[in-house]
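What follows is a single structure, written as structure tokens, with notes after it.
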Amino acid sequence: MSAGEREPVGVVGVGWVGLVTAACFASQGHEVWAMDVNAARIESLRGGELPFHEPGLGELIAEHAERLSFTTSMEELLAGSRLLFCCVDTPPTYSGDADLSRVRSVVDQLGGDSDHALVMKSTVPSGTGQSIRRNLPDLSYVSCPEFLKEGSAVDDFLHPDRVVIGADAGDEWAADAVACLYEPLGGELVRTDVASAEMIKLASNAFLATKISFINEIANVCEEVGADVTEVSRGMGLDERIGNKFLEAGIGYGGSCFPKDVSALKQLAGNSGYHFQLLNSVIEVNELQKRRVIGKLTKHLGPLVGKRIALLGLSFKANTDDMREASSLVLSARLQGEGAAVAAYDPVASTGAAGMLPSVELATSAEEALAGADAAILVTEWPEFAELDWKALATTMKRPVLVDGRNFLDPAQMRAAGYTYEGIGRGVPAGG
Ligand code: UGA
């Protein structure tokens with residue numbers, strides 16, 4: 001590729017990572033071919049319809065539509081581009097290992113082609129790249145893990161902290177071509193070998209999950225000793241060695257990545273003969289954290305049989321309609337198991353949630369969910385929940401008990417508005 005010339009890009013899989021990758025490269029002036037085996041999804045993308053909610057993505061696709069081609073044909077993809085970004089999902093199997101069947105199917109379709117490079121963005125265990133390279137020695141292979149977050153994916157892609165590019169001997173041309181694509185975005189380019197690049201991804205997600213489980217345990221201790229975890233994390237986060245990100249206590253992490261990647265790393269270590277003890281605790285703390293909310297409710301309501309509990313928010317975090325591993329799924333099941341009736345409202349996830357929560361009453365507004373409720377749990381930190389007229393809403397509830405699972409609202413204001421307010425890790429100091 002000569003200076004100024006733009007490399008056409010191929011993307012396999014138009015899920016979150018694939019579609020964001022395709023749209024963002026198109027926005028940088030590249031021709032992009034995006035391929036998926038799901039014909040219905042490709043058809044609706046051609047018609048400008050997005051398969052999920054992601055801020056800014058629809059606009060970006062519409063703006064750069066002339067450079068974006070959607071196809072179900074691998075031949076078309078191969079003819080259009082040398083660099084094929086593999087963005088298929090790698091969900092967990094029953095054992096917690098990553099399921100690589102979709103990755104394998106992509107590799108099988110590529111064969112041992114020496115004109116193309118497979119650029120792996122899907123999260124795969126360390127060793128995957130080397131094994132693909134062993135089986136198909138002519139195919140060039142680059143590991144380029146994705147670090148974008150749902151809800152801010154476009155911005156994360158266009159303004160990366162770092163871009164990790166792993167390649168082994170013989171594949172330098174492909175690594176250089178990938179580096180050319182990312183250079184204009186800024187962010188440090190980390191050039192390394194394939195196995196280390198794969199490990200950077202898993203270790204980063206596992207470390208962030210560990211940070212969350214750590215602060216959640218600190219929150220639980222804060223409740224015992226009358227400290228406020230939001231003050232504690234503010235004080236801790238100012239230490240540059242610790243940093244203030246991912247130190248927000250809550251009802252546990254969810255989503256399609258942290259739960260999957262923590263268990264994938266644990267399994268990867270186990271399969272290679274190392275018992276990764278710390279990760280067992282990270283997982284266990286996260287599971288228990290979701291369930292602690294039930295104790296907070298029974299403290300105020302007694303047994304939950306026959307009580308109506310309102311869930312505010314269903315998605316695993318704000319700005320996404322993704323319900324995968326969302327705390328709301330565990331919570332609603334536990335509440336119903338205790339005999340409570342559950343009503344829920346989410347600004348964007350309700351439609352998709354209907355099939356997953358058949359026995360939950362899905363309200364069309366927060367007001368509707370809260371009316372007549374014995375208690376409410378704020379599950380997702382949607383900005384619109386800060387704007388509610390909480391004082392007026394307290395009078396519509398049977399009992400104004402609120403468990404703020406994200407420490408999103410101001411405890412003093414909520415108490416002044418008439419609520420029995422419980423946050424996470426916000427112990428009341430002695431005499432307070
Ligand atoms: C995560 C990583 O942050 C991305 O860097 C990575 O690319 C992505 O996984 C992936 O592997 O694809 P994501 O799952 O979209 O991104 O969401 P996060 O914003 O990281 O949040 C994960 C969970 O942690 C959410 O349930 C969130 O509510 C929770 N969380 C986050 C906390 O409980 N406390 C915090 O301080 C931060």
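On the basis of the beta-carbon distance and an R0 of 22 Å, VAL305 and GLU231 show a calculated FRET efficiency of 0.05. Checked against a 31 Å cut-off, the cross-linked pairs LYS121/LYS211; LYS211/LYS391; LYS245/LYS398 give Cα-Cα distances beyond that limit for LYS211/LYS391; LYS245/LYS398. Assuming a ≥ b ≥ c are the square roots of the Cα gyration tensor eigenvalues, decide whether the stretch 1-149 counts as rounded (a/c under 1.5), prolate (otherwise, with a/b larger than b/c) or oblate. Since a/c reaches 1.5 but b/c is at least a/b, the shape of the stretch 1-149 is classed as oblate.
Indicate the gyration tensor shape class of the chain (rounded, prolate or oblate), computed on the Cα atoms with a ≥ b ≥ c the square roots of the eigenvalues: a/c under 1.5 is rounded; otherwise a/b larger than b/c is prolate and the rest oblate. Mind dumping the intermediate values first?
On the way: a/c = 2.20, a/b = 1.78, b/c = 1.23.
Taking the square roots of the gyration eigenvalues as a ≥ b ≥ c, the chain is prolate.
May I ask you to derive the FRET efficiency for ARG191 and SER281 from their Cβ-Cβ distance with R0 = 22 Å, giving the value to the nearest 0.05? Write out the running numbers ahead of the final one.
Values: r = 34 Å, r/R0 = 1.55.
Working from the Cβ atoms, E equals 0.05.
Across the stretch 131-242, C-alpha contacts under 8 Å between residues 6 or more apart give a mean separation that, scaled by the residue count, equals a relative contact order of 22 percent.
The long axis of helix 172-182 is offset from the longest Cα principal axis of the chain by roughly 50 degrees. Most simply put, the chain has about 10% antiparallel DSSP beta bridges, counting only bridges with both residues inside it. In terms of other Cβ atoms within 10 Å, ASP346, ASP161, ASP89 run from fewest to most in the order ASP161, ASP89, ASP346.
Split the chain at each of the GluC sites (Glu not before Pro) in a DSSP loop with at most 11 other beta carbon atoms within 10 Å, and the longest piece is 241-432.
Antiparallel as a % of all DSSP beta bridges within the stretch 97-218, to the nearest 5?
On the way: 2 of 11 bridges.
Here the antiparallel bridges make up roughly 20 percent for the stretch 97-218.
Between THR351 and MET74, the modelled labels are 3.3 nm apart [label points 7 Å from Cα along Cα→Cβ]. Taking a point 7 Å from the Cα of ALA179 along the Cα-to-Cβ direction, the residues of the stretch 144-163 with backbone N closer than 16 Å to it are 144-145, 162-163.
Computed over the Cα atoms of the stretch 276-432, pair by distinct pair, the Kirkwood hydrodynamic radius stands at 15.8 angstrom.
For the stretch 226-278, a/c is not less than 1.5, where a ≥ b ≥ c are the root eigenvalues of the C-alpha gyration tensor, and a/b tops b/c. That puts it in the prolate class. Taking the longest Cα principal axis of the chain as reference, the axis of helix 194-225 is set at about 10 degrees. Between 0 and 90 degrees, the angle of helix 16-27 with respect to the longest Cα principal axis of the chain falls at about 60 degrees. Taking the stretch 36-58 and a reference point 7 angstrom along Cα→Cβ of SER204, the backbone N atoms nearer than 20 Å belong to 55.
Placing +1 on the Cβ of each Lys and Arg and -1 on the Cβ of each Asp and Glu in the stretch 8-152, which of GLY129, LEU84, PHE25 has its Cα farthest towards the positive end of the resulting dipole? So the residue we want is GLY129.
Once both labels are positioned 7 Å from their Cα atoms along Cα-to-Cβ, the gap between ASP113 and ASN271 label points is 2.6 nm.
Sort ASP322, ASP228, ASP115 so that the residue with the fewest other Cβ atoms within 10 Å of its own Cβ comes first and the one with the most comes last. Mind showing how you got there, number by number?
Working: ASP322 23, ASP228 20, ASP115 9.
The order, fewest Cβ neighbours first, is ASP115, ASP228, ASP322.
Helix content alone sets the calculated 222 nm mean residue ellipticity of the chain: runs of n ≥ 4 DSSP H residues at -39500 (n - 2.57) each, divided across all residues, give -13000 deg cm²/dmol.
Cα centroids of the stretch 9-75 and the stretch 333-392: 33 Å apart. Ranking of LEU311, LEU181 by neighbouring Cβ atoms within 10 Å, starting from the fewest: LEU181, LEU311. With R₀ fixed at 25 Å, the C-beta to C-beta distance from LYS245 to GLN130 puts the FRET efficiency at about 0.20. With the biggest extent put first, the Cα atoms of the stretch 144-299 measure 62, 36, 26 Å across the principal axes. Near GLY313, once Lys and Arg are set to +1 and Asp and Glu to -1 for all other residues with Cβ below 13 Å from its Cβ, the sum equals -4.
Quick note: the coordinates plus some simple rules give every number you see, no bench work behind them. Bear in mind the structure is a predicted one, so any value in this text is a computation, not a measurement. Using ideal geometry, Cβ is built from the backbone for each residue, glycine included, and neighbour counts are taken over all protein chains shown.
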